[in-house]
Amino acid sequence: MGEILRPLGPIVCVVGARPNYMKMAPLIRAFARQQKKLPGVVLVHTGQHYDVAMNELLFADLELPAPDLNLEVGSGTHATQTAEIMRRFEPVVEELKPSCVIVVGDVNSTLACSLVASKTRTPLMHVEAGLRSYDREMPEEINRLLTDQLADVLYTTERDAADNLAREGIDAARIHFAGNVMIDSLLQHRPRAVPVTDTLKRAGYDAAIATSSERFGVVTLHRPSNVDGSDAFAEALTILRDVSQRLPLIWPVHPRARANIERFGLASLVADAPIVLLEPQGYLEMLGLLAHARLVLTDSGGIQEETTALAVPCLTMRENTERPITVSQGTNTVVGRDRARTAACVDEILRTGGKRGRIPELWDGHAADRITVHLQQWLSSRHALAEPRFA
Ligand code: UD1
């Protein structure tokens, strides 16, 4: 008796927080280009990030379609947020019966939806797998470790990721080195980057620092290790103050960092220094800022990669990085909150231009295409499809 042919369920793509959007956008676009060979796509937003600046602006800049479903979980403790995402995502999976769930990065939404996919026996694909800081103080490290254990297919951004995964007992057959989807977004949108003068003027600031030959540095800080404790945050702000005496700084401030400046009474540390505090910026504004910066001070994971791709020196205000390729091949230096070391690195950058680096393998703008080809083959072989017959 012949097998009853049923159309495959959709590919469910999950996003939750700001750094997910630039990773998912090129995948959604690549899937659309190959729509005849793939099941339909359903984009689910967990609602982990909800502010317009953290969310809608980025969707528009990245030309991401509006989510098909928004689970509207909002903020909470890690346990509350993770549990609430799981509670709301499970019925979605049960109803849609996806052919697979795709998660990106390392935020709480990534792990929560991975747990649901695994427990409902839905194939799970993790994009940006295998990165490790080996620092379990970071919530993202827990999210990475567990998501990778659960994933059926692990798409990696750098070759060393496979070694990290092998150490955790993950079968090499599940791992596919595809390159960096975030750099797909960067290369696609770079020509549309908003000029820094426009960003400053729109926020009511004098645009002179953008046009001076000295230029400026860009800051982003939001990790709990830097901004959630008053002593640590004061140390970080003191370093920014130091650096700003050498080079004016532009800092789009994460909502939690802004709240904590007030809560810990630290505003005076930055008030009279040449540091421009902006609201969180859109993707194209951020690209403009990063591309024209003389240096970047950050604790973000993604920005370490973006600065490497843009050949802009990056000083990472953390004790470690899960993206060592940005140090070994790119423009990144890990400085922690070491005042003297940061000052020495800033000196060096201002004197020599700093590390130029080179572009890591497969950070070439085509990672999403490679993932699409692999995914199509994976789904086909799993369902033993002679011909594509998707709904
Ligand atoms: C999350 C990710 C982090 C990522 C960062 C980028 C986790 C564990 N962390 O951290 O990996 O680098 O996003 O921004 O998933 N808030 C708002 N508006 C929003 C979202 C958050 O005001 O739209 C504030 C709230 O006070 C909230 C706090 O930020 O409680 C933390 O938000 P949350 O999503 O839990 O973590 P992030 O710090 O943004």
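The values are calculated or read from the model by the stated rules, or taken from the named source; none is laboratory data. Small disclaimer: the values here were computed from a predicted structure and weren't measured. All Cβ positions, glycine included, derive from the backbone under ideal geometry; neighbour counts span all protein chains shown. To get the accessible areas, we keep the full protein, side chains included, count just its heavy atoms, and leave off ligands, DNA and RNA. Shrake-Rupley method; radii C 1.70, N 1.55, O 1.52, S 1.80 Å.
If you check Glu137, Glu158, Glu128, which single one turns out to be surrounded by fewer than 16 Cβ atoms within 10 Å (Cβ to Cβ) and either in contact (Cβ under 8 Å) with a residue 24 or more places away in the chain or in contact with a Lys or Arg (Cβ under 6 Å, 6 or more places away or on another chain) (or both)?
Being surrounded by fewer than 16 Cβ atoms within 10 Å (Cβ to Cβ) and either in contact (Cβ under 8 Å) with a residue 24 or more places away in the chain or in contact with a Lys or Arg (Cβ under 6 Å, 6 or more places away or on another chain) (or both) holds for just one of Glu137, Glu158, Glu128, which is Glu137.
Checking Leu131 against (1) farther than 16 Å from Pro19 by Cα; (2) under 19 Å from the mean Cα position of the chain (by Cα), which single condition isn't satisfied?
Status for Leu131: all satisfied but (1).
Please go through region 55-70 and give me each residue that is within 13 Å of the ligand (Cβ to nearest atom) and within 18 Å of the chain's Cα centre (by Cα), ordered by number.
Asn55, Glu56, Leu57, Leu58, Phe59
Could you give every pair whose Cβ atoms fall below 6 Å, whose first residue belongs to region 301-319 and is without any contact (Cβ under 8 Å) to a residue 12 or more places away in the chain, and whose second residue is of a type in the set (Ser, Thr, Tyr) and outside any strand (DSSP E or B), counting only separations of at least 6 or pairs across chains?
If the second residue must be of a type in the set (Ser, Thr, Tyr) and outside any strand (DSSP E or B), no pairs are left.
Suppose the filter is away from the ligand (no atom under 16 Å from the Cβ), assigned to a helix (DSSP H, G or I) and small (Gly, Ala, Ser); does Ser268 pass it?
Yes: the conditions hold for Ser268.
Looking at region 97-125, which of its residues are at negative phi and surrounded by fewer than 22 Cβ atoms within 10 Å (Cβ to Cβ)?
Leu115, Ser118, Lys119, Thr120, Thr122, Pro123
What is the residue count in region 218-263 for residues that are open to solvent by 50 Å² or more (accessible area, probe 1.4 Å) and hydrophobic (A, V, I, L, M, F, W, C)?
Looking only at that region, the number is 1.
For Val52, which of the numbered conditions (1) hydrophobic (A, V, I, L, M, F, W, C); (2) without any contact (Cβ under 8 Å) to a residue 12 or more places away in the chain; (3) more than 9 Å from the ligand (Cβ to nearest atom) fails to hold?
Result: Val52 fails condition (3) only.
Of all residues in region 196-214, which are of a type outside the set (A, V, I, L, M, F, W, C) and buried (at least 16 other Cβ atoms within 10 Å of the Cβ)?
Result: Thr197, Thr199, Tyr205.
Give me the pairs: first residue in region 197-210 and more than 15 Å from Ile275 (Cβ to Cβ), second residue open to solvent by 50 Å² or more (accessible area, probe 1.4 Å), beta-carbon distance under 7 Å, and six or more apart or on different chains, which are they?
From residues that are more than 15 Å from Ile275 (Cβ to Cβ), the pairs are Thr197/Thr211; Ala207/Lys201.
Please determine, by comparing only the residues of region 71-108 that are closer than 23 Å to Leu38 by Cβ and within 14 Å of the ligand (Cβ to nearest atom), which one is nearest to the chain's Cα centre (by Cα).
Filtering first and then ranking leaves Gly105.
Taking Glu141 as the residue in question, decide whether it is farther than 15 Å from Gly302 by Cβ, out of contact with any His (no Cβ under 6 Å at 6 or more places or on another chain) and among the charged types (D, E, K, R).
So Glu141 passes the test.
Only residues in region 254-269 that are closer than 18 Å to Ser244 by Cα count as the first member; pair them with residues that are open to solvent by 80 Å² or more (accessible area, probe 1.4 Å) and part of a helix (DSSP H, G or I), Cβ under 7 angstrom, at least 6 apart or cross-chain, and list the lot.
If the second residue must be open to solvent by 80 Å² or more (accessible area, probe 1.4 Å) and part of a helix (DSSP H, G or I), no pairs are left.
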